[in-house]
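Coordinate-derived values only; no laboratory data. These numbers come from a predicted model, not from an experiment. Here the Cβ is made from the backbone with ideal geometry for all residues, glycine too, and neighbour counts use every protein chain on show.
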Amino acid sequence: MGFDVFLPESEDELMTLLMRENAKIMAGGTDLLVRIRAGRINPDKIISLSKIQGMNEITDVGDRIRVGCRVTHSMALNSNVLKEHSPIMLMALKEIGSPQIRNRGTIVGNVVNASPAGDSLIPLYLSNAKVVIHGPKGERKLPIEEFIKGPGKTALSMGEFVRAVEFEKSGSWHPLFYKVGQRTAMAIAIASLGLLIKGDNLRIAFGSVAPTVVRAYKAERYFKRSNGIITVMDEFMERCLEYVSPIDDIRASAWYRKEVIKNLLKSAFDFWRKKVL
Amino acid sequence: MNTVENKKNVIGSKIKRVDAIPKVNGKAKFAADLYFDRMVYCYLVLARKGHGILKDIDVEKALDVPGVVGVYTYKDIPGENQLGEVVKDMPCLVSVGEKVRYYGDVVAVVAAETYEIAKEAAEKISLEIEELPAVLTIEKALEDKIRVHEPTNVPIHKKIRKGNVEDGFKHSDEIFEGEFYAHYQEQAYLEPQGIIVTPDIDYGFTVYGTMQCPYYVQNSVARVLATSLNRVRVIQTETGGAFGGKEDVPSYVASYAAVAAYNTGRPAKLIYDRETDIQTTSKRHPIKSHYRIGVSKEGKLRAVEIKAYMDMGAYATLSPIVMFRTLVHAAGSYDIPNVKVDVYGVYTNKIPPGAFRGFGSPQVLFAVEAMMDEISEKLSIDPIKLRLMNTLREGSRTATDHLLTESVGAVKTLENIREISNWEHLNKEVEAFNNTHQDKKRGIGVSHIFYGVSLGAAGQHLDASGSHVQINADGTVDVRIGGTEMGQGAKTVIAMIAAEELGQHIEKINVHQPDTAFVPDSGPTVASRTTVYSGNATRLAASELRQRLIDVFCNLTGALAENVQWGNGKFLDSLSGQEISFENLVEHAFRKNAKLNETGWYKTASLEWDAEKGIGEAYVTYSFASQIVVVEVNLNTGQTKVVKAYTSHDVGKALNPEGIIGQVQGGFVQGMGYALFEDLKFKNGQILTDNFNTYIIPTIHEIPEELIIDIVEEPFSRGPYGAKGIGEPSLMPTPAAIANAISRAIGKRIKRIPATPEYILKLIKED
Amino acid sequence: MIVEFTLNGEKVKYDVRPDKRVLDFFRDELGLTGPKEACGEGECGACTIIVDGLNVHSCLMLAAELDGKDVWTIEGLKGPGEKLHPIQEAFVEAGAIQCGFCTPGMVMSTKVLLDNNPSPTREEIKKALEGNLCRCTGYYKIIEAVELAAEKLKGDG
């Protein structure tokens, strides 16, 4: 119990502090402080981002959008850039926690926590996000799938922090987002499913059914090969389920998660078929 | 005492809660909000093993933490190391050499200068426990090979033997059977358990805390500290919800804190964090039940045979009286000539359940109502009609052969829900929805229940209450009762009764926090009994005082007593029109040294009860309710949404209609959580769902769009103004109605609650 | 460390232990016991306070972070004179209070909602209060209270 708190005011100061042992960055604290209280982590230094100027940009960078590490879910929900260019992100953000959590929690925080149930990760995976990392050696960018290595595990090295996340605009795609929790609202996902569809192009990602959020690439390619018309649902389903490897946990069984994903996929495509026809 | 009269002052009118302002401006003092000079903070050390022998407690490392004042174990208890209301089978602090019986058994209390230090030190205490195989299911307990307590895991058996069930089944055209299981439910009051014990100026101890039953706390602390009742004073703080969860548990919390206060000589504050609260405090009992019901082809119930097993966890504590309620309510609100019920209490190495709104009855009401729904479906009888055919009326006899002579609103509640739901149309509407939807199906569920008011035959010795009413020289009134306010509105209804009887404005009446120093042992605030017991006691005291004020008034004005009216802060001679304000009258009374304080004492006549056969007057009276619920089940996910609900409650007389509506709304939503997603999960006897991120209770999004409430008033002649209880009956019909609605929506019988999405999806997939 | 911030409309300066939760600092040291603890992990909303116009959990905020902020607790909410704030009045009048433990948090979340959206729909009310658990009322009268508060505030304006 007990830790030192640092409040850097510039990136340089932050970088210096990051060289210390057993230090954790805190943006909103909505996840970090919960884990400390539960005794799951025990850092002796917390570096709060609350006094840093800037780093809260939501910028239109051509075919991509950049979201700074201090952008909260509430800020993102109010962003015209995101409303226009990433409706799928808004759909996911609305499902996060409560106003109190959305007012403090950040999208980059979701990325760094690397939870398979992170609601904002599904749109990031679907939008081929890149994680912008700053560190002692300068800047590097990693695709989100390479950045997130497992539950709570990332490719961050000592002294590095995530400065921002950049992802493709998807305003011209049709978004679908389903989340199943134990109750209808304010729940942690038991299984979630996000889709972007445009003509015969499909992107599909699952949450809470594998160690990380996953994209079902084989199913995406199958969709393309079928010219966007799935005639044999089973074949498509099989290619999706290759990516689905859920576990039993406190919220639901593996069986339930898989079953729900199958059913949601069916109804998503029923919906799509009706829409296209 | 016949108390049914028409009253004109405040009873039955819309009143603002008397305790609302301090609660809305943040000034109300709940347990954790009290701070005392030189106070120590406490934290508990739990066994964290399901079953074993405690071999050693190593406190050295904890004592080394700076700021630790002391660590107290069984050796530091001056009195009896024994807790447990009703059955005293639970240690206060487990002794070395004795058994640990569940994960949450308390071994030591740490006292420190701050809460953080106390918690940190508690984590540094190491326990040596020789583990024994644990009994984690009812089935395992019934084998009786590994014993939680000697001599048996099945120490309690209660029964009803009415008529002859074999005969009844012989004369039945159809026999239905079913097995049901109702899981735990956590009370999840928002304010966690919390107590402060402080050495006081009367050379004893004063206990402050969140609780339902100050007299239980007083007894428990006196025993543990080996002191007398007149050295322990208990004052209830504002209580942030209880629902039964603060019936016996605060006695235990107070006992741990008392050990710390005794040994440190300082005020000791013990506030549970949510995890400790869920891990160690009582829940609704899990009950497995088997039903067999014989009916005529017209749908008349001929015989019912029920076997139910309830998991008492590691300690029986309140279980025997909870079982009594299970027993009496198992056959539902129906007139059945032949009834055989057996209820068994079973020990396991798990959390000891206790009191929770409904007290052992929602589990079996869910089961019997599922059976009624099944009968209605199979015999193609309209579910409301089937219930009307069999329900209790004046002149009916309950399952325990209790002849009902008055205040039976059962039929009316059934007729009223049919009307307010527009029953025929509702059925068509749901049918139309189902014809046009593939992934979602709707269903309509009906339930009908009765509920015994107050403690009944199993707790008669506790069924009396006092109230002290005092008029001050400035015309204000102090009312002190033994019943507690925990959010249900007791203070408001008591203030209304005092205002009604005295004629004083309700704003001038202060219903104080219960304090054992002022009011004699008034029993517990449970079983929907406060309005009837504390209410009647207040009424007695206040009407006595009014008589004295009338005498003074007559002396002053020459009015005749029978012409005197009171209300709105004044007394009036209806003949001459002369009036005197309440304040003025009191001033005169004081000048004459009139006695303007009175203690009312109310008790009910004893009930005839044959415990061997389970036959007789189980309760003083019964409340009745009927409910219709429409649900929508998502066939892809198994998730259920309650779309709308109609509910009708017979409350005798609605003293505070706004308060009743609030109770019914809250009870409905709590019952909905129980029916759908509140699911306690375990691993080796440890509760995994020990905070609100995993133990899921309803948010504002889950409530049905429409909840239509109807109140039936069938007066109870011995209730104040005819009132019966509503606190618990507000929840009772909901789990059953929702389960039946889901069954109708998916075409499969729901036999377990909570009916989680996973359970429902499994049923849908089954062939 | 020294933190300077505005608390319930007044400029204040305190020497705080930076890793203390704002909830504990307010309750144990400043005697502001309006914010309550019921879960300690941002699930129940009983500890809700307003920071720079947004409702947040005081159990998930560190005292060090208070520096430079504009902070309100239930204790600071007042109407004209020493009267209740119209939102508080509405909660009393609508019967939205039972045990009262969730009430301060509910009122603070309502304040943020109505500051930003004077005429919320039922759905918007639910969305704004989804992070505040209540175990007594079933939420119905709370929704009515928010609607009534919106009316009252419009009347004032």
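Listed values, structure above:
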| read-out | value |
| --- | --- |
| Peptide C:57-67 - average C-beta neighbours from other chains (10 Å radius) | 6 |
| The range B:247-297 and the range A:111-156: distance between their alpha carbon centers, rounded to Å | 45 Å |
| Debye, to nearest 20: dipole size of the range B:291-335, +1 on Lys, Arg Cβ, -1 on Asp, Glu Cβ | 160 debye |
| Residue (of B:N230, B:V629, B:L731) at the positive-pole extreme of chain B, dipole from beta-carbon charges | B:V629 |
| Hull shadow area, averaged, chain A [alpha-carbon convex hull, nm²] | 14.6 nm² |
| Leading residue at positive end of dipole, chain B (Cβ point charges), from B:Y216, B:I615, B:Y252 | B:I615 |
| Residues with amide H under 5 Å from that of A:T154, placed H, sequence gap 5 or more | A:K149 |
| Pairs from A:K224/A:K274; A:K45/B:K269; B:K29/C:K83; B:K170/B:K378; B:K350/B:K748; B:K29/C:K154 whose Cα-Cα separation, in the structure shown, is over 22 Å | A:K45/B:K269; B:K350/B:K748; B:K29/C:K154 |
| Residue-averaged beta-carbon neighbours from other chains (10 angstrom radius) around B:228-241 | 2 |
| With 10 Å bins from 0: P(r) over the range B:1-149, alpha-carbon pairs, percent | 10, 25, 24, 16, 13, 10, 3 |
| Lys, Arg +1 and Asp, Glu -1 on Cβ, resulting dipole of chain B about Cα centre, debye, nearest 20 | 500 debye |
| Per DSSP, loop chymotrypsin sites (Phe, Trp or Tyr not before Pro) in the range B:488-567 with at most 11 further Cβ within 10 Å | none |
| The range B:583-598 - phi-based ³J(HN,Hα) in whole Hz, Karplus 6.51/-1.76/1.60, Gly and Pro as x | 4, 4, 4, 5, 4, 4, 4, 5, 4, 8, 6, 5, 7, 10, 9, 7 |
| Local net charge near B:V18, Cβ-Cβ under 12 Å (Lys/Arg +1, Asp/Glu -1) | +2 |
| Proximal charge balance of B:E632 [Cβ under 9 Å; K/R count +1, D/E count -1] | +4 |
| Computed FRET value (nearest 0.05) for B:L688 with A:N78, which takes r as the C-beta separation and R₀ as 30 Å | 0.20 |
| Relative contact order %, chain C, counting alpha carbon pairs below 8 Å whose residues are six or more apart | 25 percent |
| Mean Cα-pair separation over length for chain B, i.e. relative contact order, pairs under 8 Å, 6 or more apart, % | 16 percent |
| Relative exposure of B:S319, A:S127, judged by other C-beta atoms within 10 Å (fewest first) | A:S127, B:S319 |
| Which of B:P91, B:I117, B:I156, positive extreme of dipole for the range B:62-172 (C-beta unit charges) | B:I156 |
| Highest average packing first - A:52-63, B:240-251, Cβ atoms within 10 Å | B:240-251, A:52-63 |
| Under the Karplus curve 6.51 cos²θ - 1.76 cosθ + 1.60, θ = phi - 60°, whole-Hz ³J(HN,Hα) for the range A:256-272, x wherever Gly or Pro sits | 4, 4, 5, 4, 5, 4, 4, 5, 5, 4, 4, 6, 4, 7, 4, 4, 5 |
| Extension gain, A:M19 back to A:Y217 (0.36 nm per residue minus Cα-Cα distance, nm) | 67.5 nm |
| The range B:504-570-the range C:1-50 distance, computed between alpha-carbon centres (Å) | 43 Å |
| Candidates C:E82, C:E65, C:E144, ranked by Gaussian network fluctuation over chain C, Cα under 10 Å, top entry | C:E82 |
| Sequence-distant residues sharing a close amide H with B:R357 (under 5 Å, placed H) | B:G244, B:G245 |
| Trypsin sites (Lys or Arg not before Pro) lying in DSSP loop within the range B:601-693, provided at most 15 other Cβ fall within 10 Å | B:K613 |
| Residues B:H425, B:H51, sorted so that the one with the fewest Cβ neighbours within 10 Å comes first | B:H425, B:H51 |
| Vicinal HN-Hα couplings computed from phi for the range B:306-313 (Karplus, 6.51 cos²θ - 1.76 cosθ + 1.60; Hz; Gly/Pro x) | 10, 10, 9, 10, 10, 7, 8, x |
| 14 Å Cα-Cα reach of B:K119 towards aspartates and glutamates, excluding residues that sit fewer than 8 places from it in its own chain | B:D64, B:D273, B:E275 |
| Cα centre as origin, Lys/Arg/Asp/Glu Cβ charges: the protein assembly as shown dipole, Debye | 2180 debye |
| At R0 = 22 Å, FRET efficiency that the Cβ-Cβ distance of B:N435 and A:D270 yields, to 0.05 | 0.80 |
| Net charge of Cβ neighbours under 10 Å - reference B:G614; Lys, Arg +1; Asp, Glu -1 | +2 |
| B:N164 versus B:E612: modelled label distance in nm, points set 7 Å from Cα along the beta carbon direction | 1.9 nm |
| Peptide ranges A:194-207, A:31-44 listed from the most packed, as the mean C-beta count within 10 angstrom indicates | A:194-207, A:31-44 |
| Peptide B:699-709, shielding by other chains (average Cβ, 10 Å cutoff) | 6 |
| Long-range amide H partners of B:Q187 with built H, under 5 Å | B:R284 |
